[in-house]
Structures are given as structure tokens and as C-alpha cells.
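Data first, discussion second: the structure below is written as C-alpha cells.
The values are calculated or read from the model by the stated rules, or taken from the named source; none is laboratory data. Predicted, not measured: the structure shown is a model, and the values here were computed from it. Neighbour counts run over all protein chains shown; Cβ positions are idealised from the backbone, glycine included. Ligands, DNA and RNA are excluded from the accessible area calculation, which covers all protein heavy atoms including side chains. Shrake-Rupley method; radii C 1.70, N 1.55, O 1.52, S 1.80 Å.
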Amino acid sequence: MTDPLPGVVVLDALTRADGARCGELEALLFPGDDPWPARAFVEQLGAPQNHYVAARLDGRLVGYAGAARLGVRPPFEYEVHTIGVDPAQQGRGIGRRLLADLLAFAADGPTFLEVRTDNAAALALYQSVGFVTVGVRKRYYPGSRADAFTMRRDPEETT
């Protein structure tokens with residue numbers, strides 16, 4: 001296997017060793033919304049129903065995303081746990097690539113997520129791939145007490 005080209009963002013599996021960097025990015029990205037600490041990422045990586053992916057630039061973690069399969073037998077539903085991209089790397093399509101990876105994992109069932117009602121960039125991304133708002137969770141985020149939209153995306157029809 002060859003090394004990735006410098007400046008090319010590579011997606012691969014999130015590992016336990018990434019926990020500290022994920023915690024740093026969470027604190028930077030979601031300071032008032034009860035960001036996940038490093039240990040939360042490490043705990044989620046151990047669950048067999050979860051799928052977590054990393055975005056790396058020149059070997060450094062610049063983004064992460066995770067989702068869970070809900071239930072033990074089909075039909076399954078899925079839930080996006082988190083998506084985050086280093087602010088210095090936003091606008092390069094990294095979040096979209098991470099989300100596409102999660103949606104490939106969740107291809108056989110509906111996918112749900114919560115997003116702050118005032119997070120215009122995230123809302124635009126989610127809507128662009130077929131998520132629709134199905135509800136509002138008042139005061140969803142413990143730190144800021146901000147509201148969240150609950151969104152749903154159904155699997156794409158194949159014929």
C-alpha cells in the first residue's frame with residue numbers, strides 16, 4: 001500500500017488512539033452543547049452495532065463521524081451520533097464525505113439524527129442528501145438548552 005498523497009484527505013476507521021483528538025475537536029466545535037469527552041468516543045468504538053470513521057489529512061485527524069444500527073433483527077433503523085470537522089478544514093467537503101460513509105453503512109434502513117435548529121451549515125448538508133425534519137426537541141442540548149430538529153432520511157429506492 002502506498003502512502004496517501006500530501007494534502008489528500010483519507011477516510012479510514014476511527015481508533016481508540018483517536019479519542020483524545022476527537023475530544024479536542026468536540027470541545028472546539030460544540031463548546032456550549034455538552035461536547036463528548038475522549039472517553040465517550042473510546043466507549044462507542046467498542047460497540048459492535050456502531051460504525052465510526054475518521055478523516056485524516058497528512059496523517060492528522062481532521063474529522064470524525066459515527067452512527068449506530070438500532071435493533072437486533074431487520075428491519076433496522078440507524079442513528080447518526082456525531083459528525084465533526086476541524087474548523088480549519090471546513091468547506092472542503094470532508095463532512096459530506098463522512099456523512100456519505102455513514103449513509104452507506106445505513107443503506108438498508110431509515111436514518112435519524114438531531115441537529116441544532118440554528119446550525120444552518122449542517123441543516124443544508126443534511127437536506128441536500130435527503131434528510132427531512134420530522135420534529136423538534138425543545139431544549140435538547142444540556143449545556144446551551146438549544147432546540148434540535150429531529151431529521152429522518154429513508155433509504156434510496158433501487159429498481
Q: May I ask you to list the residues in region 147-158 that are of a type in the set (S, T, Y) and either under 22 Å from I94 (Cα atoms) or not in a strand (DSSP E or B) (or both)?
A: T158
Q) Restricting attention to region 36-63, and to residues there that are open to solvent by 40 Å² or more (accessible area, probe 1.4 Å) and in a loop (DSSP other than H, G, I, E, B), which single residue is nearest to A122 (Cα to Cα)? A) W36
(Q) If I filter region 124-146 for residues that are at pLDDT below 95 and assigned to a helix (DSSP H, G or I), do I get at least one hit? (A) no
**Q.** When residues of region 78-101 are limited to those that are in a helix (DSSP H, G or I) and closer than 15 Å to C22 by Cβ, the one most open to solvent (accessible area, probe 1.4 Å)
**A.** P87
(Q) Which condition from (1) under 23 Å from R16 (Cα atoms); (2) hydrophobic (A, V, I, L, M, F, W, C); (3) modelled with pLDDT under 95 is the one that A120 breaks? (A) (1)
Q.
Against the condition farther than 24 Å from R92 by Cα and open to solvent by 80 Å² or more (accessible area, probe 1.4 Å), how does R139 come out, does it pass?
A. yes
Q.
Which pairs turn up if I take residues in region 51-65 that are in contact (Cβ under 8 Å) with a residue 40 or more places away in the chain and look for partners that are basic (K, R) and open to solvent by 10 Å² or more (accessible area, probe 1.4 Å) with beta carbon separation below 6 Å, at least 6 apart in sequence or on another chain?
A. L61/R21
